[in-house]
Amino acid sequence: MHTLICDLDQRERDALDLPETPDVIVGREALEASAPCRGCFRCWTETPGRCVMRDRLQDLGALLGATDRLDIISASCFGGYSPLVKRALDRALPYLHPNFRIVDGQMHHRLRYPQSLRQRIWLYGTRDDGERTTFLGIARANEVNLGTQVEGIWFPERARDAGRPDGALGALGVGSPVTDAPVLGAPGAPQRIALVNASPKAKGSATEHLLADFADALGAYARLSGSPVPKIIDAHCTLRGELSAPNARKGGVDLSSCEAIVIGYPLFVDALPAHLTAWLERAAREGALASGTKLYAICNLGSYEAEQALSSFGILRGFCHAAGVSWCGGLAIGGGGMIVPFAHSPRMGGMRRARSEGIDALIAAVRMGLTVQDANERFGREACGLDPSAILARCPTPRAIYKLAAEALWRKLARANHADLDAQPSYDLGAHAGTSGS
């Protein structure tokens, strides 16, 4: 089966000169009518292989399981997929199995279906080589995680030029590092810091615990040094791609007066969650952040190796370039499944020490108004060889134990729901006729 996922509407799709007619088209109409992924994992533990949300992406996992050629056409959003196409990829989680496999020395989820997807990608409207480099890294990570065989990546200037295997072809790979733009604002301790929680669950999430730890430690270090404690602005990025806060006025949360912003988020399909991408796109378009604002990130991921989060930092770097603010670096935390269960254990105990030290290193950069790279050099901290703007926090348990514990948990949850963890739902093309596309 040949499937096309794109952020184009019917009129735009009709204008394409496609060499082949897809069997199924998941277009703008279907994507706009569907919800972003909630990160509930019920597609693994209650209805394995099928999303619990009853909308036009509910059977996307089964559709991909029946697909042997997958084409994607998307606008570039800071070097990543557009929010709508990323919504589809996030909702493709049921296509994967919760248990793990090891590929090239790293942990990835098993594939639920046996066949491999041949894939072609057209990312139109990229601004510069930095965005193209970022996307090549994301596509390479997706190829491993989703078990695809990418046959080509093209970067057409306009949407109407997409869909044909010609034009500028990207060489799939990690790509060369992109030099960060210089810090726009002068170094110095920020007085107002926004903490943006971009977890779809918000309450009780790993992201919430990490940001709370950051805020507590930041205040403690300020008091110990006799410095003023910065004012913390807490905000939540909702599934609508908007910022909310308990005491926010009508019209949302204003971050324009914040000298520094720390965005916390879980890694979704090697990149930012779709709703966070949507907010960043709007913030850049509307100039919501003041020039000179310093942006930092805390990313957690369920897989073991923290390095897998680095592809998402490239998108944040691209956002900063487009929005006129400064990317100052981020903390990537592997083995995210250990965060909530040990959130209240001793901060420098064995189960929290690595991530606590990572948070402290990020705090040092934020308090001094420096990039992570500059702070590492000043304090003699060893830099990440893959990305000098990143801090890596390793999982506190050996990989084999983490794998066994995670898989035991998924099996326990599935048994409690009388669900077959290994189910492979089929896709009925006839039953879905006229519903997946326009």
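So which residues in the range 366-388 are of a type in the set (Lys, Arg) and farther than 20 Å from Ile261 by Cα, if there are any at all?
Selection gives Arg378, Arg381.
Considering only the range 362-393, state which residues are closer than 19 Å to Leu301 by Cα and surrounded by 17 or more Cβ atoms within 10 Å (Cβ to Cβ).
Answer for the range 362-393, where residues must be closer than 19 Å to Leu301 by Cα and surrounded by 17 or more Cβ atoms within 10 Å (Cβ to Cβ): Leu362, Cys384, Asp387, Ser389, Ala390, Ile391, Leu392, Ala393.
Can you find a residue that is modelled with pLDDT of 95 or more, closer than 30 Å to Ala408 by Cα and in a loop (DSSP other than H, G, I, E, B) anywhere in the range 279-293?
No.
Residue by residue through the range 330-348, note down the ones that are more than 11 Å from Gly302 (Cβ to Cβ), of a type in the set (A, V, I, L, M) and assigned to a loop (DSSP other than H, G, I, E, B).
Val340, Ala343, Met348
List the pairs whose first member sits in the range 1-21 and is at pLDDT 95 or above and in a helix (DSSP H, G or I), whose second member is surrounded by 15 or more Cβ atoms within 10 Å (Cβ to Cβ) and basic (Lys, Arg), and whose Cβ atoms are under 9 Å apart, counting only residues at least 6 apart or on separate chains?
Within 9 Å, the pairs are Gln10/Arg28; Glu12/Arg28; Arg13/Arg28.
Which ones in the range 285-326 are under 29 Å from Arg352 (Cα atoms) and β-branched (Val, Ile, Thr)?
Scanning the range 285-326 gives Ile298, Ile315.
List the strands (runs of 3 or more DSSP E) that sit entirely inside the range 68-172 and contain at least 2 residues that are at pLDDT 95 or above and closer than 22 Å to Asp422 by Cα.
Per the criteria, 96-103, 106-111.
Any residue that is closer than 21 Å to Gly65 by Cα, among the hydroxyl-bearing types (Ser, Thr, Tyr) and crowded, with 21+ Cβ neighbours inside 10 Å - is there at least one of those in the range 21-33?
no
Among the numbered criteria (1) buried (at least 23 other Cβ atoms within 10 Å of the Cβ); (2) in contact with a helix residue (DSSP H, G or I) (Cβ under 6 Å, 6 or more places away or on another chain), which single criterion is violated by His108?
Single failed check for His108: (1).
Determine the pairs where a residue that is under 12 Å from Ile363 (Cβ atoms), located within the range 210-234, has a partner that is at pLDDT below 95 and surrounded by 15 or more Cβ atoms within 10 Å (Cβ to Cβ) with Cβ atoms under 6 Å apart, the partner being 6 or more residues away or on another chain.
Short answer, once both residue conditions are applied: Pro230/Pro190.
The values are calculated or read from the model by the stated rules, or taken from the named source; none is laboratory data. Keep in mind it's a predicted model, so treat the numbers as computed, not measured. Using ideal geometry, Cβ is built from the backbone for each residue, glycine included, and neighbour counts are taken over all protein chains shown.
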